[in-house]
1. Would any residue of region 1-27 have its amide N under 18 Å from a label point 7 Å out along Cα→Cβ of residue 42? List them or say none.
2. Taking θ as phi - 60°, what are the ³J(HN,Hα) couplings along region 43-54 by the Karplus curve (6.51, -1.76, 1.60), each to the nearest whole Hz, with x for Gly and Pro?
3. Using each residue's phi in region 87-100, evaluate 6.51 cos²θ - 1.76 cosθ + 1.60 at θ = phi - 60° and report the 3J(HN,Hα) Karplus result to the nearest Hz, with x for Gly and Pro.
4. What does the net charge come to around residue 41 if you take all other residues with beta carbon closer than 13 Å to its beta carbon, with K and R at +1 and D and E at -1?
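What follows draws every value from the coordinates through simple rules; no lab data is involved. Because the structure is a prediction, the values reported are computed rather than measured. Virtual Cβ from ideal backbone geometry, glycine too; neighbours counted across all protein chains shown.
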Amino acid sequence: MVKRRREQIETLRYRINLALIWVIQYWKELFNFRFDRYMIIQVLPGAYGLILTSIALALLYVSIEAFMQSTWRGLFYLFFASPLAFLVAASVLRALLEFYMVVFRIAEHVDELVGIRDTVDRLSGISDSVDEMANLTRRLPFWRTITRRRATRARVPEAARRRRGQAKAENDEEESPRRDASRPPEDEQ
């Protein structure tokens, strides 16, 4: 029993120390003029409780004022208007505070993404290298025969092949007038 009592006292001391540290940290952050951390995230639970308490006390005051004017009016405010107003005000407050939390979390994630930006900038040059390599392999005459699949290859009649080759050659001439004469057209490779 004595041991259990000591454990309870130690737990209580630990909680008091945590609360004291939280209060000191709160005051320290409150007067931090660098604004390098978001304090609002730590304050929101306490602010939510304080605002809910003040709304309840304000509605209780309004109900007491209504009782001073008329008993029926006081009963109406106490059992219908005040609970409804509290429900609406608490819902709006909760939605607003959740919105603030989302905005601050987005801001934290954006701060993290800024750190990743340098890496992304370095990696963006890789796509250019890959495109250049793909263009290089398209120009190699043996590459198409290695990578071409035999099962999907369709037989094209000789006449259709010639027409397609002529149309492609005409398109190539229109697109690039400076064609290398030493290099044959792609269909002949």
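1. 15-27
2. Once θ is set to phi - 60°, the couplings for region 43-54 become 8, 4, x, x, 5, 4, x, 5, 5, 4, 5, 5 Hz.
3. 4, 5, 5, 5, 5, 5, 4, 4, 4, 5, 5, 5, 4, 4
4. In short, -1.
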